Amino acid sequence: MDEEPLSDWAERRSRRRADRYRVVTLTPGPASGSHVDPQAPRLVSRWNGYEWEAVAVVANLAEAKLILYPETAGTDPMPAVPQPLRRRATRKRGDGS
């Protein structure tokens with residue numbers, strides 16, 4: 001069996017976890033998805049290789065996304081494209097006789 005050296009594995013693992021962020025909603029109760037309360041304040045944490053350390057407290061989900069995805073700040077990932085109105089197909093009814 002051909003195994004990689006532990007030092008190579010450790011370096012690969014540290015690269016994978018570098019600049020890994022986590023966002024936690026600061027509301028009472030159990031943890032929930034980010035979409036549940038987008039206006040709630042959030043804590044942004046970063047993995048330092050040993051533990052999660054606080055980076056910032058932000059006012060809402062939009063500000064948290066600016067920290068998580070700075071390269072796409074100010075862009076809409078799904079721009080609204082107007083869809084033309086389409087006529088709905090209907091079945092003709094029989095005359096019933």
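The values are calculated or read from the model by the stated rules, or taken from the named source; none is laboratory data. Since the structure is predicted, the reported quantities are computational estimates derived from the model, not experimental observations. Positions of Cβ are generated from backbone atoms using ideal geometry, with glycine treated the same way; all protein chains shown enter the neighbour counts.
For the structure I just gave you, tell me whether R93 is over 21 Å from the mean Cα position of the chain (by Cα), among the charged types (D, E, K, R) and either exposed (fewer than 10 other Cβ atoms within 10 Å of the Cβ) or modelled with pLDDT of 85 or more (or both).
yes
Within the range 25-37, how many residues are more than 14 Å from A59 (Cα to Cα), surrounded by 11 or more Cβ atoms within 10 Å (Cβ to Cβ) and touching a helix residue (DSSP H, G or I) at 6+ places or on another chain (Cβ under 9 Å)?
Matching residues across the range 25-37 total 0.
Can you tell me which residues in the range 62-90 are farther than 14 Å from R22 by Cβ and modelled with pLDDT of 85 or more?
Answer for the range 62-90, where residues must be farther than 14 Å from R22 by Cβ and modelled with pLDDT of 85 or more: A62, E63, L66.
Just the residues that are loosely packed, with under 12 Cβ neighbours inside 10 Å and touching a strand residue (DSSP E or B) at 6+ places or on another chain (Cβ under 8 Å), please, taken from the range 38-58.
Correct list: E53, A54.
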